[in-house]
1. Say whether the condition of being modelled with pLDDT under 90 and within 58 Å of the chain's Cα centre (by Cα) is met by at least one residue in the stretch A:803-810.
2. Consider only pairs whose beta carbons are under 6 Å apart and that are at least six residues apart or on different chains; among these, list those whose first residue lies in the stretch A:656-671 and is closer than 17 Å to A:Ile705 by Cβ and whose second residue is more than 8 Å from RNA strand B (Cβ to nearest atom) and open to solvent by 20 Å² or more (accessible area, probe 1.4 Å).
3. Please work out which one of (1) closer than 30 Å to A:Ile421 by Cβ; (2) within 10 Å of RNA strand B (Cβ to nearest atom); (3) surrounded by fewer than 17 Cβ atoms within 10 Å (Cβ to Cβ) is the condition A:Gly536 fails and give its number.
4. What is the number of the single condition among (1) away from RNA strand B (no atom under 12 Å from the Cβ); (2) polar (S, T, N, Q); (3) more than 26 Å from A:Asn592 (Cβ to Cβ); (4) open to solvent by less than 40 Å² (accessible area, probe 1.4 Å) that A:Thr652 does not meet?
5. Restricting the search to the stretch A:419-453, which residues are hydrophobic (A, V, I, L, M, F, W, C) and surrounded by fewer than 14 Cβ atoms within 10 Å (Cβ to Cβ)?
6. Select from the stretch A:572-593 the residues that are open to solvent by less than 10 Å² (accessible area, probe 1.4 Å) and not small (Gly, Ala, Ser) and list them in ascending order.
7. Under 8 Å by Cβ, and 6 or more places apart or on different chains, what pairs join a residue from the stretch A:743-758 that is more than 12 Å from A:Gly790 (Cα to Cα) with one that is assigned to a helix (DSSP H, G or I) and open to solvent by 40 Å² or more (accessible area, probe 1.4 Å)?
8. Between residues in the stretch A:275-291 that are within 12 Å of A:Ala230 (Cβ to Cβ) and of a type outside the set (D, E, K, R) and residues that are open to solvent by 20 Å² or more (accessible area, probe 1.4 Å) and more than 6 Å from RNA strand B (Cβ to nearest atom), which pairs lie under 6 Å by C-beta distance while being six or more apart or on different chains?
Amino acid sequence: MLEKAYEAKKFEDDIYKKWEESGAFKADSNSDKEPFTISMPPPNATGVLHLGHSIMLALEDIMIRHRRMKGYEALWLPGTDHAAIATENVVIKNLKEEQGIKNPRSLGRKGLIDEIKKYVTKSQGTIRSQIRKMGASCDWEREKYTMDASLHRCVNEVFKKMYDDELIYRGERVVNWDVALQTTLADDEVEYEEKEGTLYTFEYLSAKQTGGEPLYVATSRPETKLGDTALAIHPKDKRFKHLVGKTFDVVWPHPGGQAGDRKIKVTVISDHEVDPEFGTGVIGVTPFHSKVDYELWQRHKDEIQSYPIQIIGEDGFIMPAIKGYAGLSVEECRHKFVEGLRKDGRLKSEEKYVQQMSISYRSKMPVEPIPKLQWFIDVNKQAIDWKGKKMSLKETMLDVIKTHDIQIIPDRFEKTYFHWIDNLKDWCISRQIWWGHRVPVWYKGEEIKVGITAPNSDDWKQDEDTLDTWFSSALWTWSTLIDSNITDDTSLSLEDLLAKSPDYQKFHPTSVMETGYDILFFWIARMILMTTYATGQIPFETVYLHGLIRTRDGAKMSKSKPETCIDPLDMINKYGTDALRMSMVIGNTAGNDMRLYEEKIMGYRNFTNKLWNASRFVLGILEEKGITDEPKIDYKNLSDADEWILGKLNDTIKLADKGLMDYKISEVGQVLYDFLWNDFCDWYLELSKGDKQNPAILYYVLKNILILLHPYTPFVTEVIWGELPGQKDMLIGEKYSEIDGKDYDVNSTSQIIDVITKIRHLRSENKIEPIQKISVTIYGNKNTDILERGQEDIIRLARVGELTLEKSGDKLAGSASDVVNGIEIFIPLDGLVDTEKEKVRLEKEIANLSGYIKGVEAKLSNDNFVKNAPSAIIDGEKVKLDEAKDKVEKMKEQMKNL
RNA sequence: GGGCGAUUAGCUCAGUUGGUUCAGAGCACUUGGUUUACACCCAAGGGGUCAUAGGUUCGAAUCCUAUAUCGCCCACCA
């Protein structure tokens with residue numbers, strides 16, 4: 001016998017172990033079943049599980065369990081990500097803080113990587129156990145890690161293929177330089193922060209030089225003007241048109257030095273990029289410290305006489321060659337430079353204004369644009385064979401979404417995606433850190449070699465850089481399916497590897513990619529980019545994006561404010577995994593953020609307990625009746641209530657299955673919640689407390705409830721399943737519910753329920769004590785037969801002492817009364833009834849109904865309505881009208897009798 | 001500057017293609033409750049002009065156009 005309350009903690013770990021040992025999580029690439037695949041977004045191998053992971057695991061587990069039960073060959077492949085910069089960063093910080101190593105890089109490349117590996121191994125263990133805690137039914141035997149040898153092979157293969165197709169190139173460009181972490185970043189790894197800055201306006205060219213008005217330039221970064229090569233104006237700007245094409249000497253202040261020491265040559269150019277309205281309408285072009293300026297320079301290279309120089313170094317300080325400022329920080333340099341301008345009388349104004357400062361999404365420190373020789377992916381070169389055409393990476397990425405090869409849920413994110421692609425520039429993929437896949441390029445003097453393995457001779461030196469972490473995650477859906485037994489064989493091509501990998505052949509493209517919308521660009525877009533190119537397949541058919549979890553007040557959960565943070569493990573400990581899962585999955589829609597707080601989780605703990613106790617009740621009856629195996633239903637002898645619950649169950653199954661196929665996870669969860677609590681517990685179980693218990697129906701409905709709820713609350717349903725007589729196998733492997741295809745009379749019990757509800761209402765309105773049994777007279781009219789069959793139920797559930805049931809009769813005076821479905825209900829109260837109050841109530845109700853009747857009549861006499869509305873709606877209106885009229889008539893008579 | 005989302009009961013949120021009384025749920029609240037599982041419960045109830053203003057339609061929470069407030073994403077006006 002089950003205990004009185006469900007205590008999740010006592011069961012969950014055991015159940016998980018049993019599932020895992022049973023092999024239920026394992027997918028078979030040889031099976032004939034239709035595949036259903038989810039690649040688990042690999043958590044970073046750095047930390048612990050947070051709510052973002054929890055919601056991801058809950059949603060994906062619901063999807064995979066549903067499909068597995070439906071008979072798909074369901075593969076959910078777990079793994080972890082080496083998270084290059086993030087991980088290296090954490091380890092360096094730990095080494096400094098915990099081991100007192102001032103400069104962890106002094107350990108050398110191998111030494112540091114060994115430290116990182118140690119850390120990752122530990123972290124992966126934690127993550128694995130936490131994923132298990134969430135009940136995730138993923139295939140652990142196929143677990144992958146982005147640094148696995150087989151994945152490394154894929155990385156190198158793709159790099160080489162892209163290099164050979166000239167999609168990967170090496171070049172000097174202005175890149176995003178994270179000064180704190182000493183590495184480049186991709187464009188979308190740069191965030192912007194509003195910061196109040198100063199806009200300095202100063203004389204760039206004197207009146208003498210321009211031959212008219214002096215030329216002023218406004219900038220928030222005057223120090224970079226030391227590296228200017230040009231002045232840019234809008235082609236239509238008449239003020240300086242006559243200067244275009246001319247080159248001027250400009251002498252900048254030189255603290256403590258000779259005048260003329262800091263001389264630059266600038267050429268005036270005209271370009272549409274310049275906004276004549278902003279500032280002074282003139283841009284000082286600094287090619288090496290601004291991407292826009294770099295492009296300006298590229299466009300006007302032939303006109304511009306001087307070659308750019310770098311002012312700010314990789315360390316964030318002014319370059320040694322910049323005499324007078326060398327070694328200063330950017331701020332110090334700016335200060336001195338401005339002071340110099342002021343002294344020379346060239347500073348015109350200083351205005352406060354809000355600027356967007358670039359910061360690194362990893363270090364949260366400033367990002368400097370600096371020129372650097374790096375590896376890039378060309379997103380515009382048409383070198384991909386896609387649908388029989390030559391397309392660029394960009395075009396392919398657009399095509400698969402536009403043609404709906406890939407469906408995004410919710411679809412509004414398509415727009416965001418398109419917009420991102422429109423702005424996409426070549427992707428800088430090399431990073432100056434040690435942790436990651438090393439760039440598979442070797443150099444010997446001027447020679448260069450790109451390959452999947454190192455050249456034999458020691459003369460070759462490998463590129464020092466590693467690849468952007470998203471390079472390897474971009475291959476995730478398929479690199480994880482490559483047979484790791486064949487990836488050592490260097491004679492195989494990428495095509496061979498794909499062709500000879502049974503998992504890839506069976507499970508790719510994957511079915512759903514479920515993840516937070518915050519990594520739509522970082523990851524989803526790049527998987528599409530890389531996978532279409534490398535395999536010729538889309539990586540997934542559907543993208544399901546969930547929202548971010550916020551605190552009760554709508555704030556982001558952040559580690560810096562632990563009091564607002566909800567720790568999933570803590571919640572699991574308190575309320576159970578099932579409750580946590582439900583609370584994250586119900587009551588929100590895809591793509592929308594949701595607020596989570598403890599009371600919500602508690603509410604679903606109550607739900608699991610409700611299920612537990614309903615089951616306890618049913619199991620008790622089954623035991624009482626000596627049932628030891630699944631009973632057969634005698635369809636010839638069903639009560640009204642049996643028909644009602646079976647009908648409702650059919651509806652529920654239909655909604656649940658269709659809903660889940662359409663990924664309506666929240667809606668389905670709500671439907672199941674209501675079916676269990678309202679239909680099954682509040683009505684069917686209460687009705688079966690009479691003498692008409694049908695154990696076969698109780699068994700059947702409970703069984704289906706367990707099946708339907710299993711994807712949502714896998715633990716509690718599995719525990720109860722184990723108590724269900726005659727079920728030898730685990731619920732996880734059970735077939736999903738299907739409707740039985742029968743038609744049931746749902747109406748009869750609905751009438752009974754309505755009558756019971758009305759009587760209860762009248763009781764409580766007239767303040768009749770629950771212990772007090774009352775006499776009730778009912779005139780059933782056309783529903784008399786149904787009421788006769790349901791007499792017992794009415795008496796018991798409405799606590800009726802004496803029930804008089806007639807087809808029709810005189811209205812009873814001095815009674816509380818009501819009408820429902822043409823059924824008249826009277827509760828004689830021997831003058832106890834407050835006739836005035838009752839009158840008011842009836843009057844109000846009659847007025848209400850009359851208004852309604854008027855509305856419907858107007859509607860029905862409206863030619864346009866009759867002409868345009870579907871006939872089903874019109875008929876429905878007519879029926880409603882008749883019912884309402886009938887009810888008003890009866891109530892009016894009741895009023896007369898008060 | 002561009003785009004997206006939100007605005008529905010005190011709080012957190014649902015509401016599928018416009019259509020029967022569609023204005024909902026949970027929590028909170030009020031009243032009552034030791035009924036053959038469950039107080040992590042049961043019964044009954046109060047509470048909203050669906051942000052605002054227009055429009056389309058026989059019919060709008062739902063579609064369109066503005067406006068307001070909040071939030072997010074993108075974008076180097078130097």
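1. no
2. Listed pairs, sorted by first residue: A:Val671/A:Leu655.
3. Here A:Gly536 clears every test but (2).
4. Status for A:Thr652: all satisfied but (3).
5. Once the filter is applied, which keeps residues that are hydrophobic (A, V, I, L, M, F, W, C) and surrounded by fewer than 14 Cβ atoms within 10 Å (Cβ to Cβ), the stretch A:419-453 yields only A:Ile448.
6. Once the filter is applied, which keeps residues that are open to solvent by less than 10 Å² (accessible area, probe 1.4 Å) and not small (Gly, Ala, Ser), the stretch A:572-593 yields A:Ile572, A:Thr577, A:Asp578, A:Leu580, A:Arg581, A:Met582, A:Met584, A:Val585, A:Ile586.
7. Short answer, once both residue conditions are applied: A:Tyr744/A:Glu643; A:Asp745/A:Glu643; A:Val746/A:Glu643; A:Val746/A:Lys648.
8. Listed pairs, sorted by first residue: A:Pro287/A:Tyr294.
The values are calculated or read from the model by the stated rules, or taken from the named source; none is laboratory data. Here the structure is a predicted model, which means the values were calculated and not measured. Don't worry about glycine lacking a Cβ; one is built from the backbone with ideal geometry, like all the others, and counts go over all protein chains shown. Side chains included, ligands, DNA and RNA excluded: accessible areas come from the protein's heavy atoms. Shrake-Rupley method; radii C 1.70, N 1.55, O 1.52, S 1.80 Å.
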